[in-house]
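Please treat every number below as a calculation from the coordinates, not as lab data. What you are looking at is a predicted structure, and each value in this text was computed from that prediction instead of being measured. In this analysis, Cβ positions are derived from the backbone assuming ideal geometry, glycine residues included, and neighbour counts consider all displayed protein chains.
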Amino acid sequence: MRVIKIETERFQDYKAPSMYIGCIQCSGKCCIEAGLPIEVCINNDWRKSKIVEVSDDDIIKKYLSNPITEAIIFAGLEPFEQFDEIYYFIKKLRKEYNCLDDVVIYTGYTEEESIEYTNKLKQFENIIVKFGRYIPNQEKHYDEVLGVYLISNNQYAKRIS
């Protein structure tokens, strides 16, 4: 899998301690639709990050060897722009490693834009998707599913399976 970042323990994006996997690309929909320069994106610095190839097995073994983490998060840039890699990672996690821990996907896509992806992911247990683009100057709100505050009031999470 191609990544720009892996944090073995992260505590601010989900109610359970998680491994955080930073995805490699994003078309910048949030900024484009808001009429903002891409440089204002909270993840803009990540666009300059080096892309690293790490085997799914290595990531999964690292995750499973940590007694603290209870979930895996895909975020950073846009996970659905590398959907096939994430799909095969989750398939391996579930089928070969029999791990049913939560997998959380932070997407800037709307629920409607994500239907093709979420329909494919529903075959796997314990998948949570955070939907919605960042919109500047919104009030943050608490999301019950994630157990954390989200920065734009159009964003929300759903347990899809």
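Give, in nm to one decimal, the length gained when the segment between residue 25 and residue 45 is fully stretched (0.36 nm per residue of separation minus the Cα-Cα distance). Working shown, then result.
Values: separation 20, 0.36 × 20 = 7.20 nm, distance 1.16 nm.
Working it through step by step, the gained length comes to 6.0 nm.
When only the Cβ of Lys, Arg, Asp and Glu is charged (+1, +1, -1, -1), the dipole of the stretch 2-159 relative to its Cα centre reaches about 160 debye.
Counting neighbouring beta carbons within 10 Å and listing from fewest to most, the residues 3, 52, 129, 148 come out as 52, 148, 3, 129.
Between residue 161 and residue 100, the simple spin-label model (points 7 angstrom out along Cα→Cβ) gives 1.3 nm. Annotation note: GluC sites (Glu not before Pro) in the stretch 47-109 located in DSSP loop regions with a Cβ neighbour count of at most 11 within 10 Å are 96. Mean residue ellipticity, 222 nm, helices only, the chain: the sum of -39500 (n - 2.57) across DSSP H runs of n ≥ 4, divided by residue count and rounded to 500, is -6000 deg cm²/dmol.
The angle between the Cα long axis of helix 83-95 and the main principal axis of the chain comes to about 30°, on a 0 to 90 degree scale.
Select one label from [x] 10, 37, 39, 14, 1; [y] 8, 24, 17, 10, 11, 9, 7, 6, 4, 2, 0; [z] 10, 41, 38, 10, 1: the one whose number is P(r) over Cα pairs in 10 Å bins from 0, in percent as derived from the coordinates shown. Here the calculated entry is [z]. Between the beta carbons of residue 88 and residue 137, assuming R0 = 30 Å, the FRET efficiency works out to 0.20 to the nearest 0.05.
Find the relative contact order for the chain and round it to a whole percent, using C-alpha pairs within less than 8 Å whose residues are 6+ positions apart.
RCO, the chain: 22 percent.
In plain terms, the chain from residue 7 to residue 62 could stretch by 18.7 nm, reckoned as 0.36 nm per residue minus the Cα-Cα distance.
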